[in-house]
Each structure stands twice: as structure tokens, then as C-alpha cells.
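See structure below.
The values are calculated or read from the model by the stated rules, or taken from the named source; none is laboratory data. Computed from a predicted model, the values in this text were never measured in an experiment. Virtual Cβ from ideal backbone geometry, glycine too; neighbours counted across all protein chains shown.
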Ligand SMILES: NC(=O)C1=CN([C@@H]2O[C@H](COP(=O)(O)OP(=O)(O)OC[C@H]3O[C@@H](n4cnc5c(N)ncnc54)[C@H](OP(=O)(O)O)[C@@H]3O)[C@@H](O)[C@H]2O)C=CC1
Ligand SMILES: Nc1c(N[C@@H]2O[C@H](COP(=O)(O)O)[C@@H](O)[C@H]2O)[nH]c(=O)[nH]c1=O
């Protein structure tokens, strides 16, 4: 269909879409199970007259906020949207119709909506005679919405494995102590990561060794993610910090576990495979309850199982300038037997956080959807 050249210079389009991507990011952590979406509206002469983003699930979509801000100035204007405008009536009405009704004559969106219930917005816009183009800054918009897009495409939550390690790759000392490997600045950064996630997960080893709290601290306006711990035999003590009232907690136990000593905590009972909870069983159940982004905070054994199951979509390592020489590696066995089986990654970012280095990387080969085979 038509492209952008007729109404504005391409760089004006790019600037407006980049702004829409920035706006979308403001919704991270509060829109799930919906995507983050940003929208910029320019009037007929190309001046920005409205901005909006999807702020929270159940609230108005980005386009609706931006149209409200633009008012009559939207007539004859262009809408820049990070995701294809929706075509369905959910908790709010279809955005494609709202844009047409407001007199928008051109729509530029970055990424097509993979959700079968909401897609078709572009066709509706075109049928209404609106000049509609897709794909502008698609890679940037896709990265900004990676968690939601991955989860809708794969039918499981997007998984970020985060760890802290010394420069020699140790995640704990020989005696098991690991607090703290990374700096206070890095740990504050982790709280921001938690705030952007729907759920935070630790394995049984970490649960027993660290008595983790997993709450978000020091992030203004943050929504507390669901705290999840694996505890196959329900060994957790009622005084554990994860059970306090800082936020919701889900304890994942074996289907036959004796949980009589644990009252007031939500339990998810799953079958055990060789005494272990199946990674994909767990992910499927979490997806069904609306978890779209999961922060896996270790430990090394569980991270190995996730990697082996093809269920790590992003790795964030906080590398501290310290050496231990002994102690567990950041990642335990992931079923990789030889160098040709190494999980290769692309580094997407490397930044200093206080004295540490934060490295973000994504697998070179695409991770897998939910699988029936468990390890
Ligand atoms: N530096 C860092 O970033 C971090 C360091 N740590 C450190 O790591 C150590 C703990 O790690 P680790 O001992 O590896 O334990 P993990 O936290 O990785 O937990 C592993 C345990 O999780 C349970 N589990 C259930 N299902 C699975 C599955 N499918 N695959 C694997 N495990 C499963 C099992 O416990 P169960 O017996 O209940 O079935 C298993 O023993 C501590 O010393 C801690 O301080 C931990 C987190 C982060
Ligand atoms: N040791 C270590 C981390 N460990 C992780 O943080 C959890 C503790 O969280 P909380 O109890 O909420 O403070 C712990 O169980 C483990 O998952 N994280 C880091 O950023 N840096 C570190 O050096």
C-alpha cells in the first residue's frame, strides 16, 4: 500500500516513530498481559498535536490517549503507532475505528499485531480509505516490546535470566555465600528490572540458601511482580521472607507435596520429572495466568535447566570486578557436551553500572515455544 513520502519527509516520520517508541516504554511493567504501545499524532501540517501510551491493562490504548490529547487537530493528520492498531473490542473499543472516526488520514505503524484476536487493524484502516504503512523502525519497536511479542508468538512468558558473577564467572563463593557479588548500584538496577517484569523466579537451591525477598524496592510507582519459587517437596518455612506481605507469592511444589504447614500462600502443584518441576509445564501454566515476562534470578542449576529447555530469551549478567577462584559457576549443566553445542549469544548492550559491567545478550538461535518433552 501507500508509503509515507506524500505527506512528510521520511526523517520527520522517523522522529515521530522514535518518540512513540519512547512513550511505549513508559508502560513497561504495568500493561501485562497487554503489550506496551506508544502513539504520536501529527496534524495535517506535520506538527505533533497528541501523544499517548498504553499505561495499564484495562485502561485506554495508546491511540485513544493520543487522540484525546489531539482533539480536533487530529483531522487530516497522521498517527504513528508502535504496534498495528487493534481491530477488536476488548476492555476498550477498536483503535482502528477510533483513528478513522477522528479523521486521521494516514497511519504509520512499526510492528504487526501477532495476536489473532486483535490483528486486522491495518485492513480496517485501508478499507476506510486511510493511507496505511507498516514497518517503520520495526526492529526498535520490536525490541521495546520483546517480552510481549515473544510470549504471544511462543505461547509462554519471555524469560530473562539475570545473574551476578565475578570476573572469573563465579556466582557464589566456595562456602555458598554470594551476598553480595555485585555492587549496590547494580542491585538497584535489578530492582528496576524486577519492576519491569510480571514475575520473578528462583529455584529451590536459592530459596534455601538465600531466603530471598524478591520484592521491588526503591522504584517509584513500581508494580510488585509475582514472586515465584520452586520448592518440589514444600520445604519452605512459614517465616521465609518471600512469604511476607510485600507482594503476591506463588510456591511451585510437586503434585504430592505435603503443604499442611504452609497456609495463606498460593500453591501451584505440578508433576515431577526425576524429582524436578518441568520448565515448560511451569511456563505454560504461568502464561495461562497472564505472565508475559519472567525474570529468572537463578540459581545456576535452574538457569541450566531453562537454557537446556530453550527457554532463555535474554541474558543480563552483572559482572563484578572481583575474583573468587572457587565456587559455583554462574551457569550449571545445560546439557551442552561439546564446544560446537555452545549457546552463542549476540551482545546487545554493555554498560558500566557503578564499578560493575552489565552485559545484555540474546541467543543467536531463536529459543523454543512450549514443548511437551521435559528434562
Ligand atoms: N550470583 C547470583 O546471581 C546468584 C547466586 N545464587 C547462588 O546460587 C546458589 C544456589 O543455586 P543452586 O544450588 O544452583 O540452586 P537453584 O536456585 O538453581 O535451584 C535448583 C533447585 O531448584 C529445584 N528445581 C525444580 N525444578 C527444577 C528444574 N527443572 N531444574 C533445576 N532445578 C529445579 C530443585 O530443588 P528442589 O530440591 O526443591 O526440587 C533444584 O535443586 C546459592 O549459593 C545462591 O547464593 C543464586 C541466585 C543468583
Ligand atoms: N548474589 C547476588 C544476587 N542474588 C540474587 O538476588 C536474590 C536476593 O534478592 P533480595 O533478597 O530481594 O535482595 C538472591 O536470592 C539471588 O536470586 N543478585 C544480585 O544482583 N547480585 C548479587 O550479588
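Restrict the check to the range 113-129 and report whether at least one residue is surrounded by 22 or more Cβ atoms within 10 Å (Cβ to Cβ), over 26 Å from residue 320 (Cβ atoms) and within 16 Å of ligand 1 (Cβ to nearest atom). No, that holds for no residue.
Looking at residue 184, is it out of contact with any strand residue (DSSP E or B) (no Cβ under 6 Å at 6 or more places or on another chain) and buried (at least 20 other Cβ atoms within 10 Å of the Cβ)?
Working: out of contact with any strand residue (DSSP E or B) (no Cβ under 6 Å at 6 or more places or on another chain): yes; buried (at least 20 other Cβ atoms within 10 Å of the Cβ): no.
No.
Tally time: how many residues in the range 192-203 are part of a loop (DSSP other than H, G, I, E, B) and either in contact with a strand residue (DSSP E or B) (Cβ under 6 Å, 6 or more places away or on another chain) or near ligand 2 (Cβ under 10 Å from one of its atoms) (or both)? Don't jump to the end; show me each part of the working.
So the first thing to find is which residues in the range 192-203 are part of a loop (DSSP other than H, G, I, E, B), and the list is 196-198, 203.
Those still in the list that are either in contact with a strand residue (DSSP E or B) (Cβ under 6 Å, 6 or more places away or on another chain) or near ligand 2 (Cβ under 10 Å from one of its atoms) (or both) too: 197-198, 203.
Looking only at that region, the number is 3.
One residue stands out among those in the range 19-34 that are surrounded by fewer than 18 Cβ atoms within 10 Å (Cβ to Cβ) and in contact (Cβ under 8 Å) with a residue 24 or more places away in the chain: the one that is farthest from the chain's Cα centre (by Cα), which is 19. Checking each residue in the range 204-222 for being in contact (Cβ under 8 Å) with a residue 60 or more places away in the chain and in contact with a helix residue (DSSP H, G or I) (Cβ under 7 Å, 6 or more places away or on another chain) picks out 205, 212, 214, 222.
Could you pull out the residue among 335, 325, 309 that is over 24 Å from residue 194 (Cβ atoms), touching a helix residue (DSSP H, G or I) at 6+ places or on another chain (Cβ under 9 Å) and at pLDDT 95 or above? Spell out how you get there, then give the answer.
Numbers: 325 fails: touching a helix residue (DSSP H, G or I) at 6+ places or on another chain (Cβ under 9 Å); 309 fails: over 24 Å from residue 194 (Cβ atoms).
Being over 24 Å from residue 194 (Cβ atoms), touching a helix residue (DSSP H, G or I) at 6+ places or on another chain (Cβ under 9 Å) and at pLDDT 95 or above holds for just one of 335, 325, 309, which is 335.
Which residues, counting only those in the range 260-298, are within 16 Å of ligand 2 (Cβ to nearest atom) and modelled with pLDDT under 95? Working first, answer last.
Looking only at the range 260-298, we keep the residues that are within 16 Å of ligand 2 (Cβ to nearest atom), and these are 294-298.
The one that is within 16 Å of ligand 2 (Cβ to nearest atom) and modelled with pLDDT under 95: 298.
Within the range 211-239, if we keep just the residues that are at pLDDT 95 or above and within 11 Å of ligand 2 (Cβ to nearest atom), the residue that is surrounded by the most Cβ atoms within 10 Å (Cβ to Cβ) turns out to be 227. Taking the condition in a strand (DSSP E or B), within 14 Å of ligand 2 (Cβ to nearest atom) and under 18 Å from residue 204 (Cα atoms), does residue 357 pass? So residue 357 fails the test.
Here is a check on your reading of the model: is residue 206 surrounded by 17 or more Cβ atoms within 10 Å (Cβ to Cβ), in a helix (DSSP H, G or I), at pLDDT 95 or above and within 15 Å of ligand 2 (Cβ to nearest atom)? Even if it seems obvious, please write down each step before you answer.
On the way: surrounded by 17 or more Cβ atoms within 10 Å (Cβ to Cβ): yes; in a helix (DSSP H, G or I): yes; at pLDDT 95 or above: yes; within 15 Å of ligand 2 (Cβ to nearest atom): yes.
Answer is yes for this residue.
Screening 189, 168 for residues that are over 30 Å from residue 57 (Cα atoms), more than 9 Å from ligand 1 (Cβ to nearest atom) and outside any strand (DSSP E or B) leaves exactly one candidate, 168. When residue 301 is tested against the conditions (1) closer than 19 Å to residue 163 by Cβ; (2) in contact with a strand residue (DSSP E or B) (Cβ under 9 Å, 6 or more places away or on another chain), the lone failure is (2).
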